[in-house]
Amino acid sequence: MEIKHKIAIIGATSKTAEAMIRLFIAETDWDILLCTASTEYNFPKEVTVLTIDYEYPKQIRELFLEHMPTVIINTAAITNVDACEVDKKKSWNVNVTWAEQLCRTAAILDAHFIHFSSDYVFDGKSGPYTESDVPNPISYYGKSKLASENACKISYAKTTIIRTNVVYGYSSHNKIDFVQWIINMCELNNSFGVVNDQLSNPTLTDDIALGIKKIIEKKRTGLYHFGGLDFINRIDFAKKIAEIYHLDDSLIQPITTESLNQKAKRPLQSGLISLKASTDLGVKFCGIESGLITLRHQMHVFSQYSK
């Protein structure tokens, strides 16, 4: 007889976590444990909320020994690339030490551990990348994510690593992503710059959630790339956002990554090839236009529910 899953999600206010919560509640009978450092957010009544402190990673072991999840999904990370370059210790603690602790806890519980990583493990010289390409991170953020992957690989836990890039999706917790930033900037009605030399394939959180559901159901371990159907320059993505949301795309001006003088280097020719996920999991990742239309519809519908 199939065991009813108890899914623990760390980083419960992230856009990816929110998409998984919506999907799991709608399509499964799984019990859902949300692990979050903040108590100020409203979560669905169908879930159990556990408060955690990221400064004390061993605390999670005690909580999970009490609640006994069968699947542990880690979406928590410091993703601000420049902040990671400035505060390397904090970046390592959250991005690596937490993953190590979760791996050990998953091994003790015989739970399936699913961990999120990034295309920033690559140098961006020859993307898009497959799972077999050799990582070569050029930022501390990328190095910390690669270290977290390695921690998963050498652990005794059943682990799955998901790499994503330029993730966008609906957030009821006011989490700002590239799409929302473009909308906000256009609504100010002032010209602003967007880089014209970064290639990626932006990924809708709903597609990620479906992929995770398939991984759990099929009990898949190993490494998977999750990326949208369309490989696109960042400024072209910005202009498509303006088109879908009926905003003035003439406000969006081309600039180079180098001109920003950012603390951390960015991979330029990046992106992730999702052929393995599509064929093995049966997930059809959406393109830019269909993803943005889906998001626009969600923003309209969910805002009506919240009133």
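The values are calculated or read from the model by the stated rules, or taken from the named source; none is laboratory data. All figures in this text were calculated on a predicted structure; none of them were measured in a lab. No Cβ is skipped: glycine too gets one built from the backbone with ideal geometry, and neighbour counts run over all protein chains shown.
Tell me which of these Ile273 doesn't satisfy, since it passes every other one: (1) in contact with a Lys or Arg (Cβ under 9 Å, 6 or more places away or on another chain); (2) closer than 30 Å to Ser91 by Cα; (3) aliphatic (A, V, I, L, M).
(1)
Can you spot a residue in the range 143-163 that is aromatic (Phe, Trp, Tyr) and touching a strand residue (DSSP E or B) at 6+ places or on another chain (Cβ under 9 Å)?
no
Within 19 Å of Ser270 (Cα to Cα) and among the hydrophobic types (A, V, I, L, M, F, W, C), is that true of Phe231?
Taking the combined requirement at face value, the residue satisfies it.
I need the full set of residues from the range 172-201 which are on the phi > 0 side of the Ramachandran plot and modelled with pLDDT of 95 or more, in order please.
Scanning the range 172-201 gives a single hit, Asn189.
Say whether the condition of being among the polar types (S, T, N, Q), touching a helix residue (DSSP H, G or I) at 6+ places or on another chain (Cβ under 8 Å) and either on the phi > 0 side of the Ramachandran plot or surrounded by 21 or more Cβ atoms within 10 Å (Cβ to Cβ) (or both) is met by at least one residue in the range 141-156.
yes
Hey, can you tell me all the residues within the range 12-52 that are part of a loop (DSSP other than H, G, I, E, B) and crowded, with 22+ Cβ neighbours inside 10 Å?
Passing the criteria: Ala12, Ser14.
Could you grab me the full set of residues in the range 106-116 that are touching a strand residue (DSSP E or B) at 6+ places or on another chain (Cβ under 7 Å) and surrounded by fewer than 24 Cβ atoms within 10 Å (Cβ to Cβ)?
Ala111, His112
Can you tell me which of Thr79, Thr105, Thr97, Thr70 is among the hydroxyl-bearing types (Ser, Thr, Tyr), closer than 27 Å to Gly271 by Cβ and in contact (Cβ under 8 Å) with a residue 24 or more places away in the chain?
Being among the hydroxyl-bearing types (Ser, Thr, Tyr), closer than 27 Å to Gly271 by Cβ and in contact (Cβ under 8 Å) with a residue 24 or more places away in the chain holds for just one of Thr79, Thr105, Thr97, Thr70, which is Thr79.
Take the residues of the range 62-92 that are under 16 Å from Thr159 (Cβ atoms) and among the hydroxyl-bearing types (Ser, Thr, Tyr): which is surrounded by the fewest Cβ atoms within 10 Å (Cβ to Cβ)?
Ranking the candidates gives Thr70 first.
Would you confirm, using the coordinates I've provided, whether Lys175 is under 17 Å from the mean Cα position of the chain (by Cα), in a loop (DSSP other than H, G, I, E, B) and under 25 Å from Leu23 (Cβ atoms)?
Spelling it out, Lys175 is indeed under 17 Å from the mean Cα position of the chain (by Cα), in a loop (DSSP other than H, G, I, E, B) and under 25 Å from Leu23 (Cβ atoms).
Of (1) closer than 28 Å to Leu295 by Cβ; (2) buried (at least 21 other Cβ atoms within 10 Å of the Cβ); (3) at pLDDT below 95, Trp98 satisfies all except one. Which?
The one condition Trp98 does not meet is (1).
Assigned to a loop (DSSP other than H, G, I, E, B), polar (S, T, N, Q), at negative phi and touching an Asp or Glu at 6+ places or on another chain (Cβ under 8 Å) - does that describe any residue in the range 158-171?
yes
Would you please list the contacts, defined by Cβ atoms under 6 Å and residues six or more apart or on different chains, that run from a residue in the range 162-187 that is more than 11 Å from Met299 (Cβ to Cβ) to a residue that is among the β-branched types (Val, Ile, Thr) and not in a helix (DSSP H, G or I)?
Going by the 6 Å Cβ cut-off, the qualifying pairs are Thr164/Thr203; Val167/Thr203; His173/Thr13.
Report yes if some residue within the range 69-88 is over 14 Å from Ile7 (Cβ atoms), under 16 Å from the mean Cα position of the chain (by Cα) and not hydrophobic (A, V, I, L, M, F, W, C); otherwise report no.
yes
Hey, among the residues in the range 236-263 that are in a loop (DSSP other than H, G, I, E, B) and touching a Cys at 6+ places or on another chain (Cβ under 7 Å), which one's surrounded by the fewest Cβ atoms within 10 Å (Cβ to Cβ)?
Asp248
So which pairs qualify, if the first residue must be in the range 148-160 and under 18 Å from Val94 (Cα atoms), the second must be among the β-branched types (Val, Ile, Thr) and in a helix (DSSP H, G or I), the Cβ gap must be under 6 Å, and the two must be at least 6 apart or on different chains?
Ser148/Val96
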